[in-house]
Each structure stands twice: as C-alpha cells, then as structure tokens.
Amino acid sequence: MISYRFLQRFHPRFCTIHSADHYAENVSTRTPHPSIPAEAQARQASLKAALRGMAEAGPSREPACLKDLRAMLAGPSSLDLDAMLEAILADDLTEEVAEILRASRREAMDRAFVEALASRLAPLAAKAQQRRSARWQLDTRRVRIRFSYAKEDGALGFDDGDLHAIFLQVFRLEGLPLVLDLGKRPRPLLSVGLPLPAGVGSRAESMDAVLKQEPRDQPMALMAQLNNRLPEGLRLHQWDLLPDYASEVGDLALFSRWRWEVPPGQRIHAEAKVAAFLELNVWPWDRGASKADGPLDLRALVSGMCWEAGALEFATRMGAFYALNPLKLLGAILDLDPARIAGLVRTGVDLKPDPKLDRAERFVPKLKNMYEDAVLLGGGSNIILVDEDDDEPIRLG
C-alpha cells in the first residue's frame, strides 16, 4: 500500500483529500479560502461541477435512507427521527451515516435534527464497528475489484485526489457499497492508485475498490453504468475480481511508461536535451535544499528514452520513487518549466507477479477456513459463533 507518510512528503494534496472524510459528498458546499491560489480554486470549481453533473446524470441508486439524509442536509427537514433511525438500522448503515453527519453537520440546514440524529447514532455506530471488527475475518461476502480506466481530454485537470473523490461519488450514486476500513474514523476502502498529477493523462490507471458483496451485474454492464455517470474524459475499460488479500498496485509497480507528443516549437530544444541526457551515465537532479535525501540520479530512474513517430517515450522506475511528479522529472531533464509540458500521457504500468496470489494458503485467514469447513460439514465442529446484541466475542472452544 502507498505510504501515507511518504505521500505527505512528496504529494501533499493527496493527504489533504485523504484526511477529509466523505470529501465527495460535501465538497460542493465549501467556500474556497481567500489564500488558495487561483489555479487551485479553478480546479476545485471544476471538481464541484463534475460531482454535481454526476448527481444530475440520473437517479441515485443508493439506499433510500441515505437519499433522505442528503435531502435533509441540503434543506429543511420533515423527517421523523425515529423512522429515520429505524431505516438506517434496517439497512445496516449506522457507521456510514455517522461519518456523513460528522463531516456535514456544519453545513446542514437543520442543525437541531442533525445533532439529535448524531447523538442517537453515536453509540450504535461504535457498537456496529466493534461487531464488524470482531467478524472481519469471517466476512466471506466482501470482494476486491481492480478497475482500470483512462484519463483524457476534459479530465486532464483532475489530480489523483480529485479522482478519488469522483470515484467515491460514482460508486455511491450507482449503489455499489464500499466496505469501511477499521480505523477510528472509518473510511471507504477505495485506493487512490498510483499518483497522477493534474495536467497528465493516462490510458492505464488502476484503483482497488473493496465492495460489501459481489455485484449481481456482469462487469461489462457495470462499467457501462459507471461510464454513463462519470464526467467527460474518464472511462473504465477493465474490471477484475481479485481475492481480498491481493497486493495493492503500488506494491507491484515496476515501471511507468510515458509518451509526450512534443509541440513543433519545442522539438529542437527537446532533441538536444535528450541527446545530452543519454550521453551521460549520471544526471543528478537537485530538488532544493528542503529535500533531505539529496540529489536524485535521473539516469538511474529513467530508462528507454527514445523518439517514436515524433513523440518522446520513456519509462520511470517505480518502487521507492513512485510518487515523483513526472512533469517535474521531465522538466529537469529538458530544462523546461513543468507548466510548459502539455500532453504527457502514462501509456502503461509494468507490474511484477503478485506473490500473494501464488501462496494463497498463507494469506487466507485460518479462522475463516475453519468456519467454512464447519458450515459445509453441517456440524461436529467445536467452534461456537455467538451473534447476540450484547456483542459477546467469538469463542473458539
């Protein structure tokens, strides 16, 4: 999994989005701070418009109690508190609703109703989380989906934090419930994939989504549903079902492959710089005094740089350096302001084989196997599963 501390150092915007619970649900209500740069404000406005367009693209397929909750947050409430609680409990959504209320209570129109509902839900959500944690290894319904998508044209202005918010939104609107993690403030299990800054396109991005259960629809139908909802420039093209213990893409990535269609006015300059780069065995890149690790040798990180049909193609080594901004890296080689590099595209990612898939017996929880054996054999097991309201723990006799 991508290290949060590593990304906090090299990719601060990711951490801002990741730490904002249910960003996709309340971003449209936020007022930009005056100190935020104009470019960032424009990107925020673009994200708001995209999320709003997704919500308006068709009726939401999420549970009715969540739709009622969002309507209540946006305007005066005529909901009955007890009826709302009953619906939330019936759909087993206490944790999800508690987090939505926590993130949205300041913007809610009916603050009194929100505070009352949050107060009633708090102990129920805590209890639900304890029960879910105790049963985590027994949950055979959740599934990991690795979906691949292209980022082009109208979506080029989105960075990976924006993309995380967009895909959270589309899964919610299409009624595909994501599993919550086991953190103190539970968040949906949707990985951000490999970092990709604003202005850079891709034909080969991937994210992992952990769903509460396998969807009934076939992958082609699911991708069509999601694509009809996604903003222009984002399109899913692959949907793979993986074991829950599969490694994250960031743990498997070896190389990212890039292609830059060089504008005619920059071609002569770029050719000279590329030739100079390829002639040397070492190309130190000093990223500034604030970088404690010192200069990086770009010759060790960049390989296969060549010209192909008027475009510059190259690969960057991943591993410990996968969070480097490709625009800055290419700008350091070509002696160009990264802002002048338009049209850079990630064309593919080379992945090593996932060792966990070849040694499944080491990663499948033993307790889960024992539980399934007991069910299949129809008795004779010394496992006692207790499912009572007082949350008495699971006992192995």
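List of remarks:
- Derived scalar couplings ³J(HN,Hα) [region 99-108; Karplus, 6.51 cos²θ - 1.76 cosθ + 1.60; whole Hz; x for Gly, Pro]: 6, 4, 5, 4, 7, 10, 4, 5, 8, 5
- Full-stretch length increase - R362, I268 - with 0.36 nm per residue and alpha-carbon distance subtracted: 28.4 nm
- Net length gained if the chain between T347 and R61 were fully extended (0.36 nm per residue, minus Cα distance): 99.6 nm
- Distance-filtered residues of region 175-217 - backbone nitrogen under 15 Å, label point 7 angstrom along A126 Cα→Cβ: 184-186
- Local net charge near S256, Cβ-Cβ under 10 Å (Lys/Arg +1, Asp/Glu -1): +2
- The packing ranking of peptides 345-353, 328-336, highest mean first, is 328-336, 345-353, where packing means the average number of other beta carbon atoms within 10 angstrom of each residue.
- Each of A116 and L280 was given a label point 7 Å from its Cα along the Cα-to-Cβ line. The distance between the two points is 7.0 nm.
- Backbone geometry of region 86-97 corresponds, through the Karplus equation with coefficients 6.51, -1.76 and 1.60 at θ = phi - 60°, to 3J(HN,Hα) couplings of 4, 5, 5, 5, 5, 8, 6, 10, 4, 5, 4, 5 Hz, x marking Gly and Pro.
- Listed from fewest to most Cβ neighbours within 10 Å, the set T140, T94 follows the order T140, T94.
- Inter-centroid distance (Cα atoms) of region 230-280 relative to region 112-160, Å: 30 Å
Computed from the coordinates by the stated procedures, all read-outs in this text should not be read as laboratory data. None of these values were measured; they are calculated from a predicted model. All Cβ positions, glycine included, derive from the backbone under ideal geometry; neighbour counts span all protein chains shown.
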